[in-house]
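Before any comments, here is the structure.
The values are calculated or read from the model by the stated rules, or taken from the named source; none is laboratory data. Bear in mind that the values here come from a model prediction, so they are computed numbers and not experimental data. Positions of Cβ are generated from backbone atoms using ideal geometry, with glycine treated the same way; all protein chains shown enter the neighbour counts.
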Amino acid sequence: MAPIRKAVIPAAGFGTRFLPATKSQPKEMLAVVDKPLIQYAVEEAVQSGVESIAVITSRGKSSMEDHFDRSPELEQFLEEKGKLDFLEEVKGISNLAEFCWIRQKEAHGLGHAILMSESYVGHDSFAVLLPDDIFDCPSPCIGQLLDTFSELKSSVIVLGRVDEEGMKKYGIVKPKKISERVFQVEDMIEKPGPEKAFSDLGILGRYVFTPDIFDAIKKTSPDKKGEIQITDAIKLLLEKQPVYGYLFEGKRYDAGDKQGFIEATIELALKRPEFSQKLSEFLKSL
Ligand code: UTP
């Protein structure tokens, strides 16, 4: 089986949890330290061997396209001013991958957003990265899933241990343990709460799918809010073929949520040599 080279990044949502910041700018372009959320996801995919990325986008979000395009005026300005480090960085962003921009005309949910990439993906298996989840791992999180996919040759979703609050926020799986980090998914339930949860293993924002996911999405009925949930589609996929869960190694921030975004900003800044000392002194002084 050829290695996976394509990834899909759904980025067409309204980002309501982050209002008012997201009223006229994409949530995916909010910067954690000095990099927009979507760039963290793109870099993670590229470090894992992805070469081509389809971003699912929507009206008012063209700043994402500009961010990954060339910027000749800025490049010329940086060159003239001798700011060569920035020049390299700015040029590097536009060379990260080949990009394809696909519109989701109405935000009918994550499953629907992924379905928009069907003709781009074709018959290949592919990775999906939700840009509001930042993973800080010893090796890229989506790469950990891709390695598992190449062994098991079936869809793999990322799992993380969640607390009772998390059981109200995420899909929860019924796992059958295969090895230390790999589980076969026997069933799943969306946001069950602690009473109905099968386990403490929650589904987070990284997936590797076979192209069969598209048929499953097409057969998935919208939920009460009219949204097609990817969890419901994965549940249908389970009836046709095995789906595995991988308990990732590392740390994850829910940066689509204000609290998670602030935590990511502080912790990732503390890891940067230019900020760590002054920032920790500042935090201690509070
Ligand atoms: P989220 O549910 O976290 O994003 O979806 P959201 O809907 O933008 O945010 P809230 O819940 O209103 O605050 C995860 C990812 O899926 C994309 C979002 O842009 C986000 O990156 N998404 C979601 C779509 O592309 N289309 C949709 O219809 C829904």
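Quick look at the values:
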{"read-out": "Filtered residues of the range 101-158 (kept if in a strand (DSSP E or B), charged (D, E, K, R) and surrounded by fewer than 21 Cβ atoms within 10 Å (Cβ to Cβ))", "value": "Arg103, Asp136"}
{"read-out": "Residue match in the range 269-285 (condition: at pLDDT 95 or above, over 30 Å from Ala21 (Cα atoms), part of a helix (DSSP H, G or I) and away from the ligand (no atom under 16 Å from the Cβ))", "value": "no"}
{"read-out": "Scan of the range 61-100 for residues that are surrounded by 16 or more Cβ atoms within 10 Å (Cβ to Cβ) and among the basic types (Lys, Arg), ordered by number", "value": "Lys61"}
{"read-out": "Index of the failed condition, Gly82 passing every other in (1) in a helix (DSSP H, G or I); (2) more than 15 Å from Ala7 (Cα to Cα); (3) without any contact (Cβ under 8 Å) to a residue 12 or more places away in the chain", "value": "(1)"}
{"read-out": "Residues of the range 10-27 classified as under 17 Å from Glu106 (Cα atoms) and not in a loop (DSSP other than H, G, I, E, B), total", "value": "3"}
{"read-out": "Total residues in the range 214-251, condition part of a loop (DSSP other than H, G, I, E, B), aliphatic (A, V, I, L, M) and without any contact (Cβ under 8 Å) to a residue 60 or more places away in the chain", "value": "0"}
{"read-out": "Qualifying residue in the range 41-52 (condition: surrounded by fewer than 14 Cβ atoms within 10 Å (Cβ to Cβ) and assigned to a strand (DSSP E or B))", "value": "no"}
{"read-out": "Unique match (being touching a helix residue (DSSP H, G or I) at 6+ places or on another chain (Cβ under 7 Å), within 12 Å of the ligand (Cβ to nearest atom) and within 23 Å of Cys137 (Cβ to Cβ)) among Glu28, Glu44", "value": "Glu28"}
{"read-out": "Qualifying positions in the range 96-114 - of a type in the set (A, V, I, L, M, F, W, C), out of contact with any Phe, Trp or Tyr (no Cβ under 6 Å at 6 or more places or on another chain) and more than 9 Å from the ligand (Cβ to nearest atom)", "value": "Leu96, Ala97, Trp101, Ile102"}
{"read-out": "Extreme residue, farthest from Phe14 (Cα to Cα), among residues of the range 253-286 that are under 17 Å from the mean Cα position of the chain (by Cα) and acidic (Asp, Glu)", "value": "Asp254"}
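Listed here are the residues, each with its yes/no results for (1) within 12 Å of the ligand (Cβ to nearest atom); (2) farther than 24 Å from Ile114 by Cα; (3) free of Cβ contacts under 8 Å to residues at least 24 places away in the same chain; (4) within 21 Å of the chain's Cα centre (by Cα).
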{"site": "Pro3", "(1), (2), (3), (4)": "no, no, no, yes"}
{"site": "Phe18", "(1), (2), (3), (4)": "yes, no, no, yes"}
{"site": "Ala21", "(1), (2), (3), (4)": "yes, yes, yes, yes"}
{"site": "Ala54", "(1), (2), (3), (4)": "yes, no, no, yes"}
{"site": "Ser58", "(1), (2), (3), (4)": "yes, no, no, yes"}
{"site": "Glu65", "(1), (2), (3), (4)": "no, no, no, yes"}
{"site": "Phe68", "(1), (2), (3), (4)": "no, no, no, yes"}
{"site": "Leu74", "(1), (2), (3), (4)": "no, yes, yes, no"}
